[in-house]
Amino acid sequence: KRCVKYFFLNLLNVDTVKAHKIMKAYIITFTGDWKRDLRHGYGAYYYPNGDVYEGTWKKGQRHGLGTYIYANTDTKFMGTWDNGKMQGPGQLVHLRHRFHGKWEKNLVSWSEQFKRPYLHVPASQVFT
């Protein structure tokens, strides 16, 4: 079942002018597939802070391939997820830099295969 759902956080004890501003800041939107009232399949989740996750879901958690964009830093993670955590191969991209590596439970894994992380740095920054 594909649909859009809006979630509103609790706004009790707030006057109407403040409530409108707060509600605008705290609207969470999910567009995608649902199964048994949980995000399941492919979809995009828009967080109140401006972050966005677009990718696959399983039982309400980020799971499989997906991209998470951090709004406040213009950084994005593209890779695999397992039960809501970055897990497996992926890359972290920030403006002019790119880090390829392997993640385990949201942390970079420094296993034998990735002892020397691959970091793209433009030549203009290296030779200035």
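Rule-based calculations on the coordinates, nothing more; no lab input. Values in this document were obtained by computation on a predicted structure and should not be read as measured data. Heads up, the Cβs are rebuilt from the backbone with ideal geometry, glycines too, and the neighbour counts pull from every protein chain shown.
Summarising the amide proton neighbourhood of Asp51: residues at separation of 5 or more, or on other chains, whose placed amide H is nearer than 5 Å comprise Ala71. Proximity of backbone amide H atoms, modeled 1.01 Å from N, is registered between Ile28 and Phe7 at under 5 Å, excluding neighbours fewer than 5 places apart on the same chain.
How much net charge surrounds His94 when only the other residues with a Cβ under 11 Å from the Cβ of His94 are counted, with Lys and Arg +1 and Asp and Glu -1? Local net charge: +2. With θ taken as phi - 60° and the Karplus curve 6.51 cos²θ - 1.76 cosθ + 1.60 applied, the whole-hertz 3J(HN,Hα) list for region 53-62 is 10, 10, x, 8, 10, 9, 6, x, 10, 5 Hz, x standing for glycine and proline. Using R0 = 25 Å, the C-beta based FRET efficiency linking Glu104 and Val52 works out to 0.60. All other residues with a Cβ under 11 Å from the Cβ of Lys76 taken together, and with Lys, Arg as +1 and Asp, Glu as -1, what is their net charge? Result for the local shell: -2.
Among the aspartates and glutamates, select those whose C-alpha is under 12 Å from the C-alpha of Lys105, and discard any that sit fewer than 8 residues away in the same chain. Cross-link targets: Asp82.
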